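First comes the structure, then the notes that go with it.
Each reported figure results from applying straightforward, stated rules to the coordinates on display, with no laboratory input. Note that the structure is predicted; figures quoted are calculated from it, not measured. Positions of Cβ are generated from backbone atoms using ideal geometry, with glycine treated the same way; all protein chains shown enter the neighbour counts.
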Amino acid sequence: MTFDERLTNVSVIGAAGKMGSGISLLLAQEMAKQKLKPESKNVPYRLNLIDVNDVALDGLQAYLKAQLVKAGEKTTVLLRDLYKDREDLVENYDVIAEFVDDAMSLFRLGTDLSMAKNSHVIFEAVVEDKDIKVDLLKKLDQLTGKDTIYFTNTSSIPIHVLNKEANLGGRIIGFHFYNPPAVQKLAELIAADQTKPELKEMSLELAKRLRKTIVPSNDIAGFIGNGHFLRDGLYAIREAKKLAGEYTLPGAIYVMNKLSQDLLVRPMGIFQLIDYVGVDVYQCISETVSGYIKGENLKDDLLDKMVQKKVLGGQRADGSQKDGFLKYEKGRLSGVYDLDKGEYKMFDPSGWSGEIDKKLGKYPEGTFPWRNLLMDPKKDEKLTIYFKNLNASNTLGAKLAKAYLKNSKEIGEFLVKSGVAKSSQDVNNVLLNGFYHLYGPINDYV
């Protein structure tokens with residue numbers, strides 16, 4: 001069966017979730033374009049969007065319609081070509097409206113797993129729990145034909161484990177979209193030794209059609225992205241604990257978050273990033289990877305305590321950030337959670353947080369916010385000058401930042417040495433494209 005033939009009937013499981021909704025949107029756009037080709041005139045297309053949450057499916061439908069309108073507005077030239085035989089579609093808004101209707105006609109939304117029974121391709125985007133995924137895959141494989149292929153969005157569970165325990169015979173591959181899938185250009189591709197060669201080829205074709213940059217990762221728990229992120233975050237947590245005696249734990253978290261954003265020139269601080277992903281999700285990644293990688297401490301009780309307190313971070317349905325390690329007011333950081341008191345310690349520039357800023361010291365010459373350098377054609381030149389000045393600085397902030405940068409590099413090198421990544425470039429590409437860093441962790445800055 002060709003890839004185009006497979007795209008006539010596709011299912012997304014977990015379609016109403018944060019990742020599933022973005023995957024559904026990408027597939028809807030591609031399948032609608034395939035459906036509009038002359039050779040597909042009489043071919044039925046189905047995109048089955050399945051989720052356990054009925055209410056969330058209603059929200060998914062509204063989300064997809066709104067996003068399809070935006071996508072249509074950005075691709076009017078392509079759409080006009082696809083509808084060139086439709087003389088009744090005169091204005092651009094007519095073409096866009098027709099495209100949205102055609103795309104929406106693909107959808108079959110529901111909570112019944114049996115909707116997937118005729119699917120040739122299934123995308124799995126459910127909770128990051130091995131037992132849940134295996135149980136789901138087993139049920140799906142009993143419903144579908146033995147030539148159905150599976151793309152799993154797991155970010156940490158080894159593919160060979162899912163393949164073996166669900167008895168899929170190599171018909172599953174890891175296609176780890178980054179959040180949000182509709183925007184992020186990166187996808188990690190993880191094939192097990194048993195993965196069928198034709199599935200690898202189809203994965204690359206899918207990536208090309210969805211305009212994704214593929215970075216291959218070897219089938220080791222956590223892969224490249226979470227392999228680095230997990231260890232990077234644990235470093236920050238453990239450093240914060242060391243600093244807590246002098247600054248209190250909320251103060252130390254403030255320190256590590258601030259320097260990882262400002263002095264490492266990242267889009268957000270490390271604790272803000274953990275909040276964005278979700279403290280509970282990050283803890284789940286920690287638990288999962290720890291179960292497969294021995295001899296390395298990849299857990300921390302601070303995560304357990306935050307989850308026990310139900311201080312979880314993550315995003316609301318409208319995309320706004322929920323409070324986690326940090327408090328957010330109108331999208332801005334405003335405080336740090338105090339575990340002992342069970343409340344947020346609000347920033348006080350004329351008090352405790354201002355005193356910490358003074359102790360961190362003056363920033364090196366050439367310091368720029370991440371956003372200012374993102375599109376700067378002289379970005380690399382400016383970063384080189386900045387890090388030279390950082391290395392020459394002996395402030396507390398500079399010392400902590402240099403140690404953090406060194407550890408980040410060691411994590412990247414470990415991922416290559418331990419066989420997770422095939423090369424330093426692959427590690428750097430994941431952090432550059434998946435985490436929007438301005439430079440890869442394996443560099444000559446420190």
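Worth pointing out:
- Net charge dipole size for segment 138-285 [Lys, Arg +1 and Asp, Glu -1 on Cβ; Debye, nearest 20]: 200 debye
- Dipole of the chain, positive direction: furthest Cα of 261, 420, 315, with charges on the beta-carbon: 261
- Taking the charge dipole of the chain about its Cα centre, with +1 at Lys and Arg Cβ atoms and -1 at Asp and Glu Cβ atoms, the residue from 107, 184, 21 reaching farthest to the positive side is 184.
- Equivalent ellipsoid of the chain: semi-axes from √(5λ) of the C-alpha gyration tensor, largest first, are 41, 25, 22 Å.
- Highest mean packing comes first when the peptides 11-19, 422-430 are listed by Cβ atoms within 10 Å, giving 11-19, 422-430.
- Inter-label distance for residue 52 and residue 309, nm, one decimal - labels placed 7 Å from Cα along Cα-to-Cβ: 2.8 nm
- Ordering of 151-163, 400-412 by burial proxy (mean other Cβ atoms within 10 Å per residue, highest first): 151-163, 400-412
- Simple point charges give the picture: +1 on the Cβ of Lys and Arg, -1 on the Cβ of Asp and Glu, and for segment 338-446 a dipole about the Cα centre of about 260 debye.
- Rule-of-thumb Rg ratio for segment 3-217 [Cα; 2.2 N^0.38 Å; N residues]: 1.00
- Remark: segment 3-217 carries a charge dipole of roughly 420 debye about the Cα centre, counting +1 on each Lys and Arg Cβ and -1 on each Asp and Glu Cβ.
- Highest average packing first - 296-309, 44-57, Cβ atoms within 10 Å: 44-57, 296-309
- Relative contact order of the chain, pairs being alpha-carbon contacts under 8 Å that are 6 or more residues apart, as %: 12 percent
- Flagged links, alpha-carbon separation over 25 Å, of 378/417; 208/422; 139/305: 378/417; 139/305
- Computed from backbone phi with θ = phi - 60° and the Karplus coefficients 6.51, -1.76 and 1.60, the 3J(HN,Hα) list for segment 235-240 is 4, 5, 4, 6, 5, 4 Hz; x is used for glycine and proline.
- In Hz, Karplus ³J(HN,Hα) per residue of segment 126-133 (6.51, -1.76, 1.60; θ = phi - 60°; x = Gly, Pro): 9, 3, 6, 9, 4, 5, 5, 5
- Relative contact order computed over segment 3-217 (Cα-Cα under 8 Å; 6+ residues apart), in percent: 22 percent
- Within the same chain, lysines fewer than 8 places from residue 37 are excluded, and of the rest, those with a Cα less than 17 Å from its Cα are 84.
- Hydrodynamic radius by Kirkwood, which averages 1/r over all alpha carbon pairs of segment 225-434, in angstrom: 18.0 Å
- Exceeding the 26 Å Cα-Cα cut-off - candidates 294/388; 258/382; 133/406; 65/200: 294/388; 133/406; 65/200
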